[in-house]
2 protein chains.
Amino acid sequence: MEDTRYKILLENFRAIHRQGFQSTRTDKVVAELGITKGAFYHYFPTKNDLGYAIVDEILCPMYTGIWVAFEQAESNHAVILEDTLKKYVHLLTDQDVQYGCALNNLTQEMAPIDAGFQARLKKVILSMHRSIEEGLKNGQIAGAFRTDFNPTQMAFFILSTIEGAFSVGKATRSKVIFEMGLMQLLEFVKTLRR
Amino acid sequence: MEDTRYKILLENFRAIHRQGFQSTRTDKVVAELGITKGAFYHYFPTKNDLGYAIVDEILCPMYTGIWVAFEQAESNHAVILEDTLKKYVHLLTDQDVQYGCALNNLTQEMAPIDAGFQARLKKVILSMHRSIEEGLKNGQIAGAFRTDFNPTQMAFFILSTIEGAFSVGKATRSKVIFEMGLMQLLEFVKTLRR
DNA sequence: AAAGTTACATACTTATTGGTATGCCGCAAG
DNA sequence: CTTGCGGCATACCAATAAGTATGTAACTTT
């Protein structure tokens, strides 16, 4: 049953999101599901491979999904961009902010010490960037945005600010502070309208 | 000799900055200095206490120092703010960006799993925020900045974007990408001038 | 129905790794 | 000059945690 594999994957993702990769004890996580080490190592050769699978199968689709609407927009680019930012604020709970951005967490912790994580996480980040960049470019062409900014740079700026708001929100354990970062970004993004 | 203690502190700070706290082996780090475990545990009761000392004695002064000029400015607020941002770009090497922001790294990794780190790192973040906020307020009063923005929110925004640029720079291992985030922030910050 | 394979469970192993116990040396106070 | 203490070095310890070896029930294939 692939069901067991997915349960292992998902529950470990949750644990890693909260406490980080290294301090997560995979056997204890699966034990809570009534599953043993045997099942874990049946599906994943090593703990790192579990981590890779989480990035590939959970993080990657999750994060690229956020920006797909903006990337593929054919009209109302500005509205969709602003709505996407608003979603960050509305969909997240207090706890979500305290746990931080799963992608950011994993990057900070694992990218420097493992090339497998590094490559995968970079891919996800660049994929998000590409989506934002595309949306900005299309919006410029469609006349939704001003054309006096560089979409590549602006996309990195937007991405950086979101990730940074998560960082600061996590550090202070405050959703309100997270929101301040995002709200200011939203105000700024409105000035990109034409 | 307090010299030994400081050497232990500094070398471990460097190692932790690069590979993170948990994966740093303190005994191996000090061994490179020709120092043994005995000396380490003579000065620090536990590994966590070393981490706390690093935050208190290295990170805290380092990061608050960055913003002290802006906080205490009596004139030219806008110029000093912009210069502070420029310093981030000019003073950092390619490697620095790859290693990421030491404060951010430690926060992401350790804040969720240890209350001692959490409290200390939060303090440093809020201290930086306070400096930026003060500078913005003073600049508004002095007529250097527009008054139609909220200094508290704006300070969190600036802080978030810087931290986020580090995150994205680290994830992509690219100083150029880090710079794009900061350069866009710089452009934005210029619009705050009155 | 025999043989093989999948999907696990249980028990064990082994390499860290943070931390401790102890000892020694030099120096300063009494 | 001897006693005590700060400043280490060395050797040892115990817990953990990733990973392995083995077993076995169910299911598939031939």
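The residue that is nearest to DNA strand C (Cβ to nearest atom), among those in segment B:35-60 that are of a type outside the set (Lys, Arg) and open to solvent by 70 Å² or more (accessible area, probe 1.4 Å), is B:41. The number of residues in segment B:61-78 that are open to solvent by less than 10 Å² (accessible area, probe 1.4 Å) and polar (S, T, N, Q) comes to 0.
Of all residues in segment A:151-194, those satisfying the criterion of being part of a helix (DSSP H, G or I) and of a type in the set (Ser, Thr, Tyr) are A:152, A:160, A:161, A:167, A:172.
With the requirement that a residue be surrounded by 21 or more Cβ atoms within 10 Å (Cβ to Cβ) and either farther than 22 Å from residue A:64 by Cα or more than 9 Å from chain B (Cβ to nearest Cβ) (or both), what does segment A:143-157 give you? Within segment A:143-157, A:144, A:145 meet the criteria.
The residues of segment A:132-142 that are in contact (Cβ under 8 Å) with a residue 24 or more places away in the chain and open to solvent by 10 Å² or more (accessible area, probe 1.4 Å), listed by number, are A:134, A:138, A:142. Filter segment B:31-63 down to the residues that are hydroxyl-bearing (Ser, Thr, Tyr) and either more than 15 Å from DNA strand D (Cβ to nearest atom) or part of a helix (DSSP H, G or I) (or both) and list them by number. Result: B:41, B:43, B:52, B:63. Residues in segment A:90-106 include none that are at the interface with chain B (Cβ under 10 Å from one of its Cβ atoms), without any contact (Cβ under 8 Å) to a residue 40 or more places away in the chain and closer than 21 Å to residue B:169 by Cα. For segment A:158-173, filtered to residues that are over 21 Å from residue A:130 (Cβ atoms) and of a type in the set (Ser, Thr, Tyr), the residue that is surrounded by the fewest Cβ atoms within 10 Å (Cβ to Cβ) is A:172.
In segment A:6-22, which residue that is open to solvent by 20 Å² or more (accessible area, probe 1.4 Å) and without any contact (Cβ under 8 Å) to a residue 40 or more places away in the chain is nearest to DNA strand D (Cβ to nearest atom)? Filtering first and then ranking leaves A:19. Can you tell me which residue within segment A:174-184, out of those that are more than 7 Å from chain B (Cβ to nearest Cβ) and touching a residue at least 12 places away in the same chain (Cβ under 8 Å), is most open to solvent (accessible area, probe 1.4 Å)? That would be A:179. Look at residue A:94 and say whether it is away from DNA strand D (no atom under 16 Å from the Cβ), among the acidic types (Asp, Glu) and within 15 Å of the chain's Cα centre (by Cα). No.
Apart from one condition, residue A:111 fits all of (1) away from chain B (no Cβ under 14 Å); (2) away from DNA strand D (no atom under 16 Å from the Cβ); the exception is (1).
Return the pairs, sorted by first residue and then second, in which the second residue is more than 12 Å from DNA strand C (Cβ to nearest atom) and open to solvent by 60 Å² or more (accessible area, probe 1.4 Å), the first residue lies in segment B:29-45 and is away from chain A (no Cβ under 14 Å) and in contact (Cβ under 8 Å) with a residue 24 or more places away in the chain, the beta carbons are less than 6 Å apart, and the residues are 6+ apart or on different chains. Going by the 6 Å Cβ cut-off, the qualifying pairs are B:33/B:7. Residue check: residue A:26 meets all listed conditions (1) near DNA strand D (Cβ under 9 Å from one of its atoms); (2) open to solvent by 20 Å² or more (accessible area, probe 1.4 Å) but one, namely (2). Report yes if residue B:118 is over 13 Å from the mean Cα position of the chain (by Cα), open to solvent by less than 30 Å² (accessible area, probe 1.4 Å) and polar (S, T, N, Q), otherwise no. When the stated conditions are applied, residue B:118 passes them.
The values are calculated or read from the model by the stated rules, or taken from the named source; none is laboratory data. From a predicted model like this one, the values you see are computed outputs, not experimental measurements. Positions of Cβ are backbone-derived with ideal geometry, glycine not excepted, and every protein chain shown enters the neighbour counts. Side chains included, ligands, DNA and RNA excluded: accessible areas come from the protein's heavy atoms. Shrake-Rupley method; radii C 1.70, N 1.55, O 1.52, S 1.80 Å.
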